[in-house]
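Data first, discussion second: the structure below is written as structure tokens.
We did not get these values from a lab; they are worked out from the coordinates using the rules stated. Note that the structure is predicted; figures quoted are calculated from it, not measured. Every residue, glycine as well, gets a Cβ built from its backbone with ideal geometry; the counts of neighbours run over all protein chains shown.
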Amino acid sequence: MDMQALLQQAQQMQQQLLEAQQQLDEAQVEGTSGGGLVKVTVNGRGQVEDITIDPSTIDAGDTSETAQTIADLVLAAIRDAETSVEELQQEKMGPLAEGLGGMPGGGGMPGLPGF
């Protein structure tokens, strides 16, 4: 086994990992619910950055029902965004995880499922 080549491969993978993490930090993903009445924007790491609620969602005559409806719509929009983030993370990080499993001398990284 050529240790220099192995070290170079590890450094290259580390650089690719850093680049993928940077792309996730900069990514913006939107989740929606209620036909667009609620929109949630999250970054590529899944952190909520913005929530927009269409004013037509609010019924001033029934505030209790409106509050529950809005809560349900926000939750659904967040879940929609989470699904999109998971897909984005798999797209960016998946190839790197596969590469780690294929490194010479190792069948993955102990303690890290999928690596």
| Highest-first arrangement of 80-88, 52-60, 14-22, where packing means the average Cβ count within 10 Å | 80-88, 14-22, 52-60
| task | Multiply the residue gap between residue 47 and residue 64 by 0.36 nm, knock off their C-alpha separation, and tell me the result in nm, one decimal place. | result | 3.3 nm
| query | Which peptide among 63-76, 29-42 comes first, and what is the full order, when sorted by highest mean count of other Cβ atoms within 10 Å? | reply | 29-42, 63-76
| Approximate spin-label separation residue 90-residue 71, in nm, with each point projected 7 Å along Cα-to-Cβ | 3.2 nm
| note | The answer for residue 27, listing residues at least 5 apart or on another chain whose modeled amide H is closer than 5 Å to its amide H, is 44
